[in-house]
Amino acid sequence: MTEVVSWRSESPGVWVVTMDRPPANALGVPILDGLHAAIDAAEQAGDVKVMIVSSALDGFFAAGADIKHLSSIDAESFLAYGNQMRAVNDRLAAAPWISIAAIDGLALGGGLELALACTLRVSGPRGAFGLPEAKLGLIPGAGGTQRLPRLVGRGRALDIMLTARQVPADEALAIGLIERLTAGDVLKEALTLAADLVTSSLLAQLAVIRAVDAAYELPLDEGLQAEAREEQGLFEHGEAAEGIRAFIAKRPPEFR
């Protein structure tokens, strides 16, 4: 645990990571260090299948970079700060588990980039999403220009970034920026989703993610080859044998 980021095992295979840096979860060094520590702890635990990234602050997921910090640093320090933000997001995106951003409020700038690095995003009606860096004379530099277009398309991503506007939750759902919108408790909805996810083979789920990502990165014929390799690998070295036996025996599978 750190002063502004905590984590806990909510149920077998499900971890909840909570950011708590009033007033708005600005992504300064304390939160970034805390998120790195949470990922370190999850890697060491070795039993995490789903990680939920959430906020303890009412009305905020994370409001973005620490502007006060940016105003007081030089170019070398700015580079180091940006690299730390990118490292958190890259580690989260590449982690050997599924991640869910639970958003009930503002997710702006680096806060949205953190959510974009997660596998899935769940929002409440108060969710608002934006990349306002152009108004600061910057660009989204922690993955926003790369991950947002992959979710919503080039034109919509440019509209969001060039206008620096905030996207309300219902529009975010319609354009694919979030996967689920709930009128109830956001963390509860994320936990419900996690409970569904942990019943499947994590090895298969990660293979699905890799194959879908290949659809965006490779020509169709190469993507189909990647899909075939993933499928064959799961049959030979994954948990397919257990899944098939369980299906025939009409029992729940016992995946690792």
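We did not get these values from a lab; they are worked out from the coordinates using the rules stated. Keep in mind that what you see is a predicted model, and the values were worked out from it rather than measured. Methodologically, a virtual Cβ is constructed for each residue, glycine included, from the backbone with ideal geometry; neighbour enumeration extends over all protein chains shown.
Annotations
- FRET efficiency, 1/(1 + (r/R0)^6) with R0 35 Å, evaluated for Ala93 and Phe247 via beta carbons: 0.65
- DSSP beta bridges fully contained in the chain are about 25 percent antiparallel.
- Distance histogram in 5 Å bins (all Cα pairs of the chain, percent per bin): 1, 6, 13, 17, 18, 17, 13, 8, 5, 2, 1, 0, 0
- Cβ charges +1 (Lys, Arg) and -1 (Asp, Glu), total dipole of region 202-249, debye: 200 debye
- For region 144-208, the fraction of alpha-carbon pairs in successive 10 Å shells from zero, as %: 18, 36, 33, 12, 0
- All other residues whose Cβ lies under 12 angstrom from that of Phe235 are scored, Lys and Arg at +1 and Asp and Glu at -1, for a net of -4.
- Sites matching chymotrypsin sites (Phe, Trp or Tyr not before Pro) across region 151-251 that sit in DSSP coil, with at most 16 neighbouring C-beta atoms within 10 Å: none
- Using a Förster distance of 22 Å, the FRET efficiency for Thr2-Ser71 (Cβ separation, nearest 0.05): 0.35
- When the P(r) is computed for region 70-152, the part past 21 Å accounts for 30% of the Cα-Cα pairs.
- Scoring 49-61, 31-43, 135-147 by mean Cβ neighbours within 10 Å over their residues and listing the highest first yields 49-61, 31-43, 135-147.
- Electrostatic tally near Arg126: other residues with Cβ closer than 10 Å to its Cβ, Lys and Arg +1, Asp and Glu -1, net -2.
- Note on Val212 and His237: with the Förster distance fixed at 30 Å, the Cβ-Cβ geometry gives a FRET efficiency of about 0.90.
- Here the peptides 99-108, 218-227, 163-172 are ranked by packing, the mean other Cβ count within 10 Å, and the order with the highest first is 99-108, 163-172, 218-227.
- Nearest 10 degrees, 0 to 90: helix 186-197 Cα axis against the chain principal axis: 30 degrees
- Label positions at Ala134 and Leu158, each projected 7 Å from the Cα along the C-beta direction, are separated by 1.0 nm.
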